[in-house]
Ligand SMILES: [Ca+2]
Ligand SMILES: [Ca+2]
């Protein structure tokens with residue numbers, strides 16, 4: 001009896017979710033409903049730590065204005081309409097991804113470090129242009145020739161971090177949250193030679 005009741009309730013629940021979920025927005029998963037608010041202040045970390053953190057987000061999707069991913073190497077909300085924060089998809093956007101990967105704090109006057117869980121849904125206070133101009137206490141500008149890994153190249157519209165520098169070919173391996181169609185990952189990019197892009201740096205790494 002109980003088992004039958006439970007099965008019936010479960011079937012009803014699944015049917016209800018299908019009815020509610022499908023017509024309202026078949027394009028998205030409401031991934032962010034499963035996100036959390038786990039963060040804590042942390043001692044400074046190394047650039048290598050930050051690169052490892054960032055790499056977890058590769059293949060996890062892209063969400064304009066977003067900021068959480070689950071680390072399963074699958075984009076759980078592909079194909080959302082672009083530049084719509086209401087799609088609630090998985091992944092960060094370019095500036096939010098940088099903010100989390102640089103272990104920054106939301107208080108713009110506080111330069112120190114904070115761990116943000118992958119599944120913490122946070123974007124941070126900075127747009128790409130803010131990083132380009134060194135806005136915020138943790139951030140500064142740097143000559144592109146002096147950049148090293150986990151510095152970034154930023155334009156007024158986009159920012160990508162240096163996964164590894166390859167100055168010989170003017171084509172660095174960049175880790176970035178690129179766009180809805182391309183997702184988050186590492187790609188060879190020529191931002192170093194593009195005058196729209198400036199060097200951006202997070203200060204106070206442990207090494
Ligand atoms: Ca995922
Ligand atoms: Ca998406």
Only one of 173, 201, 192 is over 24 Å from residue 45 (Cβ atoms) and touching a strand residue (DSSP E or B) at 6+ places or on another chain (Cβ under 8 Å); which? 192
Identify, from the list 71, 89, the residue that is within 16 Å of ligand 1 (Cβ to nearest atom), surrounded by fewer than 16 Cβ atoms within 10 Å (Cβ to Cβ), over 9 Å from the mean Cα position of the chain (by Cα) and within 18 Å of residue 176 (Cβ to Cβ). 71
Being more than 9 Å from ligand 1 (Cβ to nearest atom) and under 18 Å from residue 187 (Cβ atoms) is the filter; apply it to segment 58-68 and report the residue that is nearest to the chain's Cα centre (by Cα). 62
All positions within segment 150-184 that are under 16 Å from residue 91 (Cα atoms) and surrounded by fewer than 18 Cβ atoms within 10 Å (Cβ to Cβ): 179, 181, 182
Filtering segment 48-57 for residues that are surrounded by fewer than 17 Cβ atoms within 10 Å (Cβ to Cβ) and either under 16 Å from residue 159 (Cα atoms) or touching a strand residue (DSSP E or B) at 6+ places or on another chain (Cβ under 9 Å) (or both) leaves a count of 1
Among the residues of segment 69-81, what is the count of those that are touching a residue at least 40 places away in the same chain (Cβ under 8 Å), more than 12 Å from ligand 2 (Cβ to nearest atom) and out of contact with any helix residue (DSSP H, G or I) (no Cβ under 6 Å at 6 or more places or on another chain)? 1
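Just so you know, all these numbers are worked out from the coordinates, no wet-lab data involved. Everything quoted here is computed from the prediction, not taken from an experiment. All Cβ positions, even for glycine, are placed from backbone atoms using ideal geometry, and neighbour counts span all protein chains on display.
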